[in-house]
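Peer 1: First the structure, which I've put down as structure tokens, then a few questions once you've had a look.
The values are calculated or read from the model by the stated rules, or taken from the named source; none is laboratory data. The model shown is predicted, which means the values in this text are computed figures rather than measured ones. Note that each Cβ is placed from the backbone with ideal geometry, even for glycine, and that neighbours are counted across all protein chains shown.
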Amino acid sequence: MRIEEIKKRIQVASGREKADLVIKNCKIVNVYTGEIIEDDIAITEGKIAGIGEYDGDQIIDAKGAYAIPGLIDSHIHIESAFVTPEEMGSLVVPRGTTTMIADPHEIVNVCGQAGFEYMVEAAKGTDLEIKYQVPSCVPATPFEHSGAVIDSNALEKLLSLEDAFGVGEMMNFPGVVYADEEVIRKVASGLQANKVIDGHAPGLTGKELNAYVATGIRTDHECFTVEEMQEKLRCGMYILLREGSASKNLRALLQGVTKENSRRCLLCSDDRQPKDILEEGHVDNHLRVCVEEGIDPITAIQMATLNPAQCYGLLDRGAIAPGLRGDIVLVNNLTDFQVEQVFIRGQLVAKDSKYLGRVEKNTDKMATVKSSVRVKDLTKDKLNLNATSNEVKVIEIIPGEIVTKKETARVERTETGDFIFNPIQDIVKIVVVERHQMTGNVAVGLLKGYGIKKGALAQTIAHDSHNIVAVGVSNEEILVAIEEIIQMNGGAVVVEDGEVICRLPLPIGGLMSDQDGQWVSQGLEGIQNILHEKLGVNKEVEPLMTLSFMALPVIPELKITDMGLFDVTKFSFTPIEA
């Protein structure tokens, strides 16, 4: 910091010089003390100079609104919103989000270091501040094929970059618990670089949890019960309470938040689609949910501001106080949290739900992460289930969760062992096709609870390696959907009666659109409506996001990758036969 900047701030704070901006007539929420103070906020050169009575070159009358610190999403994958970082800024800043802790492991799984570099450059085109963690698990496990591999040497190299904020979620928790050499090298690199290491340890308990936390991994966003949350809190972890488009754990976990443990609780979205942001909100929606569930409003605000700032070492934000960044959100009250104005570094960047900031796309860098769909020798014969028994294992969806149940069912088969669809059972075929290395891998399994009664859906969104995942009632329609995905170089495709009836192109890594958030939202809504209304998908299931998590072999209990059906509880492949 320049000496002149410090002197200028002192002069303004002491009242000897005018501030650049003064926000008057506001009720300031002090997250340090839990008080609400009616006073002015003086800002100069992007930083808060003082709280009190001030004069400034620019005066904004807050008209009695509440001033809260800029909201922080403590864990998100921007790619899962299907928009670029620049467009994400235009979506969430009007909702009061001023900082994101982002893990770009979706695009890095597809494009490697080029994906990380693209996301960093793209973030420079928005006023939203995006702090990027270096993905720790590319691929998430050795039980799938991704488009890239980030080993311990590559991770150490990436951590040396100026824009590397931390180490992304360590999903390979068995590798940590059993001290896998390569995994521990990654943890050690994060510690040596003095970076926060994010965790991912669903269901981990007892001594295995102790082993995981003993490495220095600090956070977890995969709690599904209050009991799990409490055990992890006792181990000193920060718990990120998630409310995404597919996983909605916030209301359940809030039942375990107390006055004593709330300072270790943060709010995050993990994965949130544009439609949900536009209709429900972002972290502002999390605040509303907190208050609805009986959490004190100031406690809720702390979980979205001060707590993540302190967890991640962002000591220049998270509160409204002298010396901190001028990231301020004016809201109508502490129940609805309707955002009226948003300031980032003292600049007005959103007003009355309209984004006023920058959306500057780096098309040159974008070109480096396109053309990412490469499939070898795909035929209809490869979609055969090849079961040797009518008693089979099925992946059962739990609405609102990304965990699944490992169930068995009796189904009908053809003479070649293929699955015969019966709508009464609500069991359909799920297929994963490798799309990065041209291995020719195709895995076939069965999915229960999705609800689709005709047609097919295929998409290149399949956490975390993002191969092609498809679901449908017939091999013919599944094949049509997959072939269209290949032709359009990524996205989502819906087929009915053998014909493509809806498309959502996602040319950036097969994950993100090059269009704006409104366009993506309308496209998603169109696909979702068709899947729910015409094809019969369970209305309690978000079709695309839910399907994408069926290929994630680090979330219990049963999943499927391009290499086969995977039992997460045993961390090994398993045959389709029960």
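Peer 1: Considering every residue within the stretch 83-102, establish whether at least one is of a type in the set (V, I, T), closer than 30 Å to F573 by Cβ and at pLDDT 95 or above.
Peer 2: No, that holds for no residue.
Peer 1: Here's a follow-up. Taking the stretch 149-175 on its own, how many of its residues are at pLDDT below 95 and either surrounded by 17 or more Cβ atoms within 10 Å (Cβ to Cβ) or in a strand (DSSP E or B) (or both)?
Peer 2: Residues in the stretch 149-175 being at pLDDT below 95 and either surrounded by 17 or more Cβ atoms within 10 Å (Cβ to Cβ) or in a strand (DSSP E or B) (or both): 5 in total.
Peer 1: When both residues are 6+ apart or on different chains and their Cβ atoms are under 9 Å apart, which pairs have a first residue that lies in the stretch 320-347 and is surrounded by fewer than 19 Cβ atoms within 10 Å (Cβ to Cβ), and a second that is among the acidic types (D, E) and in a loop (DSSP other than H, G, I, E, B)?
Peer 2: What qualifies is G323/D316; E340/D352; R345/E45; R345/D127; R345/D327; Q347/D127.
Peer 1: I need the full set of residues from the stretch 553-568 which are at pLDDT 90 or above and assigned to a loop (DSSP other than H, G, I, E, B), in order please.
Peer 2: P553, P556, E557, D562, M563, V568, listed by residue number.
Peer 1: Hey, another quick one. Could we say that I430 is modelled with pLDDT under 95, assigned by TED's automatic domain parsing to the domain that holds K534, buried (at least 23 other Cβ atoms within 10 Å of the Cβ) and among the aliphatic types (A, V, I, L, M) here?
Peer 2: no
Peer 1: Which one is surrounded by the most Cβ atoms within 10 Å (Cβ to Cβ), of the residues in the stretch 232-278 that are part of a strand (DSSP E or B) and basic (K, R)?
Peer 2: R242
Peer 1: Sticking with this one: Condition first: of a type in the set (K, R) and either without any contact (Cβ under 8 Å) to a residue 12 or more places away in the chain or farther than 29 Å from L278 by Cβ (or both). Can you find one or more residues in the stretch 22-39 that meet it?
Peer 2: yes
Peer 1: Still on this structure, I have one more. State all residues of the stretch 205-224 that are touching a strand residue (DSSP E or B) at 6+ places or on another chain (Cβ under 7 Å) and not hydroxyl-bearing (S, T, Y); if no residue qualifies, say none.
Peer 2: G216, I217, R218, D220, H221, C223
Peer 1: Do we have V187 as buried (at least 18 other Cβ atoms within 10 Å of the Cβ), within 17 Å of F571 (Cβ to Cβ) and modelled with pLDDT of 95 or more here?
Peer 2: Answer is no for this residue.
Peer 1: Within the set of pairs 6+ apart or on separate chains, which have a first residue in the stretch 164-177 that is farther than 26 Å from L314 by Cα, a second that is acidic (D, E), and C-beta atoms under 9 Å apart?
Peer 2: N172/D180; F173/E208; P174/D180; P174/E208; G175/E182; V177/E208
Peer 1: Let me ask something else. Among the residues of the stretch 540-578, how many are buried (at least 24 other Cβ atoms within 10 Å of the Cβ) and of a type in the set (K, R)?
Peer 2: The number of residues fulfilling the criteria is 1.
Peer 1: How about the stretch 356-414: which of its residues are farther than 22 Å from S465 by Cβ and of a type in the set (G, A, S)?
Peer 2: Across the stretch 356-414, the qualifying residues are G357, A367, A387, S389, G400, A409.
Peer 1: Additional query: Anything in the stretch 303-318 that is farther than 10 Å from V31 by Cα and assigned to a loop (DSSP other than H, G, I, E, B)? List them, or say none.
Peer 2: Y312, G313, L314, L315, D316, R317
Peer 1: Please enumerate the residues belonging to the stretch 384-434 that are part of a strand (DSSP E or B) and of a type in the set (D, E).
Peer 2: Those that are part of a strand (DSSP E or B) and of a type in the set (D, E): E391, E396, E407, E412.
Peer 1: Which one of these does F421 not meet: (1) on the phi > 0 side of the Ramachandran plot; (2) modelled with pLDDT of 95 or more; (3) surrounded by fewer than 21 Cβ atoms within 10 Å (Cβ to Cβ)?
Peer 2: Unmet condition: (1).
Peer 1: I've got another one for you. Output yes when any residue across the stretch 38-45 is assigned by TED's automatic domain parsing to the domain that holds N249, crowded, with 24+ Cβ neighbours inside 10 Å and either under 17 Å from the mean Cα position of the chain (by Cα) or over 27 Å from L158 (Cα atoms) (or both), and no when none is.
Peer 2: no
Peer 1: Do you know which of the residues in the stretch 1-19 that are within 10 Å of A49 (Cα to Cα) and not aliphatic (A, V, I, L, M) is surrounded by the fewest Cβ atoms within 10 Å (Cβ to Cβ)?
Peer 2: S14
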